[in-house]
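In what follows, a single structure is set out as structure tokens and then discussed.
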Amino acid sequence: MKKQISSLVIVLVVSSLLLGACAGINGTDASNLSASGTIASSEVRIAPQVGGQVVSINVEEGQQVKAGDELFRLDDSLLRAQYKQAQASVQTAEAALKTAQTQYDITLTAARAADNFTRIADWIGERPDYFEQPTWFFTREEQIAATEIEVAAAETDLASAQKNLEKVVQDLNNADYLAAEQRLSNARIAYLVAKDVDARAQVSEQKVRPDDIDMGCPPLCLPYRIKIAIAQKISGQDEDLLNTAQDLYDEAKAELDNAQQAYDDLLTTQSASDVQKARAGVVIAQERLETARDRLSLLHAGAQSQQVAVAQAAVQQAEAAITQSKTALSVLEIQLDKTIISAPVDGIVLTRGLEVGETLAPGGVVITIGQLQEVELVVYIPETVYGNVNLGDQVSIVVDSVPGETFTGSVTYISDKAEFTPRNVQT
């Protein structure tokens, strides 16, 4: 058995594809150095980025291809259907945007027309005596900002007033006055209800005459004595109803008088003062807040109105829908392009592992292309001549398969450690 020899690896770049070769290194001190090795091309592995069924193949193993040549094609029927659906979505979104824009224009025009009086008033309105600046001095935006601050302050004031009222109500020292208040409130509601009931009974109390009886037939059809009996019966029923309603009213009126008297007796107490002051604080704070909100609503007229803001939001939403639908369309366009797999480089098809009808998964290598522009020749040299080889040295290469022709190359890599020479390589 032939003993393996420790040697160094040198990689040369050659400008054509060969299966095996001998290289002569033309360095300063290496004019007579030669070695044999193996030449290999760079390989590009082709894998589809999308899955699908193969519908056509345009290459065979050993065939030369150029960059951009179609290698094979996948079924795109589903993607095309989705693409048409996405196109329809874009058209729908564009129509919705047009409608939203029209509605916005109409709303804005109407709001500006409604705001005409307010804008004119800012110019010709009389200045209050306690204002030094004219009414137009502050812009609409500045007035809105100031009013929003006032609304926030009023909300805080109302919350404080409500909290104070709650504290006063929970104070046991005010229990008698609060009970009198509640009694008076209940009595007032009961009185109003009884008064309405009595008023309705008064309407029913009106006496019915025999001539008022109409049974839907000619006058002589119903004997007059029967009409008299019917009128008396109805009138008697109304009398009972009136008496009952009157009793209810009298009771409610008496309770109201008593409750009012009990309440009046406590008006001079400290409890009455505290509770009334707390209630007034809540009422005033609530009215302050509502007034500030009313003024803010008045200022939010014209282009700043809520209706315009809603219409503008609808336009923005429609624009976002168009962007989203167009993005989906672009994604489908990219996916459709990826159903056609083309050669990325010039070269020769080394392997082809697919057939028409097969279903491919994304990322699976199915074709390998060898590049021909540059190939690598790996040679092994003895360690004793290591110092005679340098990066960039030019080499002459001959191969058995092309007798009489010499190729050129250059040294691009020198191993930094020794390796055992393969059995099929002679140093």
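What the table below lists for this structure:
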{"item": "Sparse-neighbourhood loop sites, GluC sites (Glu not before Pro) in segment 342-395 - DSSP loop, at most 10 other Cβ within 10 angstrom", "result": "355"}
{"item": "Residue order, fewest to most beta carbons within 10 Å, for 138, 407", "result": "138, 407"}
{"item": "Rounded to whole Hz, the Karplus (6.51, -1.76, 1.60) HN-Hα couplings of segment 398-405, x for glycine and proline", "result": "10, 10, 5, 6, 10, x, x, 10"}
{"item": "Segment 272-389, Rg to Rh (Cα coordinates; Rh as Kirkwood inverse mean 1/r)", "result": "1.58"}
{"item": "Fraction of the pair-distance distribution of segment 134-188 above 13 Å, Cα-Cα pairs, percent", "result": "73 percent"}
{"item": "Per residue Cα convex hull volume in Å³ - calculated over segment 41-103", "result": "136 Å³"}
{"item": "Centre separation in Å (Cα based) which lies between segment 345-394 and segment 43-94", "result": "26 Å"}
{"item": "Interchain or long-range residues, amide H under 5 Å from residue 36's placed H", "result": "23, 380, 426"}
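Each value in this text was obtained by applying a stated rule to the coordinates, not by laboratory testing. This structure is a prediction, so every number in the text was calculated from the model and none was measured. Backbone-built Cβ (ideal geometry, glycine too); neighbour counts: all protein chains shown.
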